[in-house]
Amino acid sequence: MLSAFILNKGEGSLEQDVIVRIRGLNKTFRGKAGTVVALDGIDLDIMRGEMFGIIGLSGAGKSTLVRCINFLEKPTEGTVEVDGQELGRLSKGELLAARRRMGMIFQQFNLLQQRTALENICFPLEIAGMKKAEAVKRARELLEIVGLTDRSDAYPSQMSGGQQQRVAIARALATNPSILLCDEATSALDPTTTRSILSLLKEINRTLGITVIIITHEMAVIEEVCQRVAIIDASHIAEIGAVDEVFTRPKSAMAKQLIYPDGERSRLATGKRYCRIVFDGNSSFEPVVSNMVLECKAPVNIMFADTKDVGGKAYGQMILQLPEDERAAKRALTYLETQNVHVEEGDAHAFT
């Protein structure tokens, strides 16, 4: 089933050319309370076949941006070009056809409660005019892809949140899109279910060649699956780059705020020297800090730790308070630099 579905994508779908090109995008909302600038001067290129993350705090403009990509929100100024078509120049019919090539999934699933899983997936195919037998066949293929062949007759109220989101993903894939837009798609899910949904999105991207654009406020989601990320702050793009580069060497204040632990820990910071260790999968999951203390006889305080073991490799970060003694601190830093981890030094305010 899956191989047949892949063939429908056509050859060359994984070419690294631009599939979404945004230039000079502005979006302003006007109401009784006044004017709100949601997006201001957005320039962005998203490559075909990549998993691209858009991250920012609530109200930063990220959800408005994703709705401008499929023209559910019409930009006030600027252009949005998708797969070679400038959406602002399309007729109503052409725009509807372009939207069918952009599947979308939401935080709250948005399933039709009176329809079964199979019927929910068939719904966009019915709207597109597909014959019922063909729509049912496609829906069953998609249920297999998302791992829910045994839940075809279940209603949303009979499914878990993770199962409902899998149905929503299958529905978004029904019209054979080239882009999948995910607006806070895992925010309503528990951590274990979130990981399974992200794994599914990654597999869809890998096997079907679909460009996946993930909108989120969680850096952990971006780290898990995305290759590049754009950080939105106050309606502007504050920073854009490869995820590993942004994570290890954040340049903007917003990137640092999203990546570093929250400022509440600054009250615990009593020393002068700190360092941040980033585990990016290049080192094995070993007690690096414990080994450093034993080797260098340089005791440190762990101010923050968020690490995980993936296939025996370490991912995540730690923030350490270094010894006040200059020589002991230098020994510790030198040792860490030999352990295939990224290390940066700073004062209490740099990481807290």
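Every number here is computed from the coordinates shown, using simple stated rules; none is lab data. Just so you know, these numbers come straight off a predicted model, no measurement behind them. Glycine gets a Cβ as well: all are built from the backbone with ideal geometry, and neighbour counts include every protein chain shown.
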Mean Cα-pair separation over length for the chain, i.e. relative contact order, pairs under 8 Å, 6 or more apart, %: 17
In debye, nearest 20, what is the charge dipole magnitude of the stretch 96-237 about its Cα centre with +1 on Lys and Arg Cβ and -1 on Asp and Glu Cβ, if you could check? 600
Taking the Cα centre of the chain as origin, work out the dipole magnitude from +1 charges on Lys and Arg Cβ and -1 charges on Asp and Glu Cβ, in debye rounded to 20. 900
In nm, the gap between the two label points placed 7 Å beyond Cα toward Cβ at Glu345 and Lys132 is 7.4
Straight-line reach from Lys272: which lysines fall under 17 Å, measuring Cα to Cα and dropping same-chain residues less than 8 apart? Lys330
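Going down the table (Lys62/Lys92; Lys27/Lys308; Lys62/Lys202; Lys92/Lys202; Lys62/Lys137; Lys137/Lys202), which pairs top 29 Å between alpha carbons?
With Cα atoms farther than 29 Å apart: Lys27/Lys308; Lys92/Lys202; Lys62/Lys137.
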Among Phe71, Val82, Gln114, flag the residue with its Cα farthest along the positive direction of the charge dipole of the stretch 16-119, charges on Cβ as +1 for Lys/Arg and -1 for Asp/Glu. Gln114
Along each of the three principal axes of the Cα atoms of the chain, give the extent in whole Å, ordering the values from largest to smallest. 75, 49, 39
Extension gain Ala33-Glu324, at 0.36 nm per residue separation less the Cα-Cα distance, in nm? 99.4 nm
In degrees, nearest 10, the alpha-carbon axis of helix 117-127 is tilted away from the dominant principal axis of the alpha carbons of the chain by 60
Relative to the longest principal axis of the C-alpha atoms of the chain, give the angle of the C-alpha long axis of helix 161-173, reported between 0 and 90° and rounded to the nearest 10°. 60
To test your reading of the geometry: what angle, between 0 and 90 degrees and rounded to tens, separates the Cα axis of helix 326-337 from the longest principal axis of the chain? 40
Please name whichever of Ala97, Ala314, Ala220 sits farthest to the positive end of the charge dipole of the chain, dipole taken about the Cα centre and charges placed at Cβ: Lys and Arg +1, Asp and Glu -1. Ala97
Residue separation between Phe123 and Arg23 times 0.36 nm, minus their alpha-carbon distance, gives in nm 32.6 nm
Extension gain Lys256-Lys272, at 0.36 nm per residue separation less the Cα-Cα distance, in nm? 3.8 nm
Given Cβ point charges of +1 (Lys, Arg) and -1 (Asp, Glu) and nothing else, what value in debye, to the nearest 20, does the dipole of the stretch 186-247 about its Cα centre take? 280
Correct response: the longest run of the chain lacking exposed trypsin sites (Lys or Arg not before Pro), defined by DSSP loop and at most 11 other Cβ within 10 Å, is 132-271
With unit charges on the beta carbons (Lys and Arg positive, Asp and Glu negative) and the dipole taken about the Cα centre of the stretch 140-221, which residue among Ser152, Thr211, Leu181 sits farthest to the positive side? Thr211
